[in-house]
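Q: What follows is a structure written as structure tokens; I'll ask about it next.
The values are calculated or read from the model by the stated rules, or taken from the named source; none is laboratory data. None of the values given here were measured: they were computed from a predicted structure. Cβ sites come from the backbone with ideal geometry, for glycine too, and all protein chains shown count toward neighbours. When the accessible area is computed, the model is the full protein with side chains, heavy atoms only, and any ligands, DNA or RNA have been set aside. Shrake-Rupley method; radii C 1.70, N 1.55, O 1.52, S 1.80 Å.
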Amino acid sequence: MNLWDLPMFNKLQAKLFMAILGIAIFYACSKKTATTTSSQPDFKTNLKMVVDSMYTNWSSMDASEKDKLQSIDRLLDELSYINGSNTVKIDSLKSSVKIIKTAMLRAESMTSQEIDDYDVLTDKLIRSTLALIASTPSTEEHPLIAKLESSITTADGNLIVLRYKYDRWAIQFNEIVTNNKGRLTKMGTPYSEYKIRPLFQIQP
């Protein structure tokens, strides 16, 4: 059984698990970035690699979340075509999808409270959607429903891993910004505008 499938192991509890992983990678990344100082000839090259990797991992995570919400919305549409479906509940959940889309996290400004709030909203939406599928008659006659359900649960299970990967690069980026403020200022835009990024992991 996949650990992330356990009902009691929700995202809020998973953040505690991430904290343990985060502490371990924090020191590993610190050692790695210790060599990325202002005296290193290829400072700009290493910085570009870290920044590009950080942006790429955020984009992958953000795209996965958007796809997940789109799949939920499409699944609810599919349920609405079934005779006997709960149209009131479907409309309510579709409204929730819209609300969550406006609450999606921003890399530069997200807070721990915003992360928790977003996770609570998405967890509730997914649980309610899965419960609605179970209570709707004849869903087996609509194979797209099962396909979308699988896509949603897979994306949700992968979220912790995607956040972990993003944090690895964000930690390195933050180390560089902290240790090389003067150098970055002299390099001008956009380097002089780099700021510490908030992380998903609980800070030690």
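Q: Do you know which residues across segment 77-115 are hydrophobic (A, V, I, L, M, F, W, C), closer than 20 Å to Leu159 by Cβ and open to solvent by less than 50 Å² (accessible area, probe 1.4 Å)?
A: Selection gives Leu93, Val97, Ile100, Ala103, Met104, Leu105, Ala107, Met110, Ile115.
Q: Could you list, in sequence order, the residues of segment 116-132 that are surrounded by fewer than 17 Cβ atoms within 10 Å (Cβ to Cβ) and under 17 Å from Ser92 (Cα atoms)?
A: Passing the criteria: Val120, Leu121, Asp123, Lys124, Arg127, Ser128, Leu130, Ala131.
Q: If you don't mind, another one. Test Gly182 against the stated conditions and say whether it is within 18 Å of Trp58 (Cα to Cα), surrounded by fewer than 19 Cβ atoms within 10 Å (Cβ to Cβ) and either over 25 Å from the mean Cα position of the chain (by Cα) or among the small types (Gly, Ala, Ser) (or both).
A: no
Q: Applying the selection to segment 37-76, what residues are of a type in the set (Gly, Ala, Ser), assigned to a helix (DSSP H, G or I) and open to solvent by 20 Å² or more (accessible area, probe 1.4 Å)?
A: Ser53, Ser59, Ser60, Ala63, Ser64
Q: Still on this model: Output yes when any residue across segment 121-128 is assigned to a helix (DSSP H, G or I), of a type in the set (Val, Ile, Thr) and either out of contact with any Pro (no Cβ under 9 Å at 6 or more places or on another chain) or under 26 Å from Tyr191 (Cβ atoms) (or both), and no when none is.
A: Within segment 121-128, one or more residues are assigned to a helix (DSSP H, G or I), of a type in the set (Val, Ile, Thr) and either out of contact with any Pro (no Cβ under 9 Å at 6 or more places or on another chain) or under 26 Å from Tyr191 (Cβ atoms) (or both).
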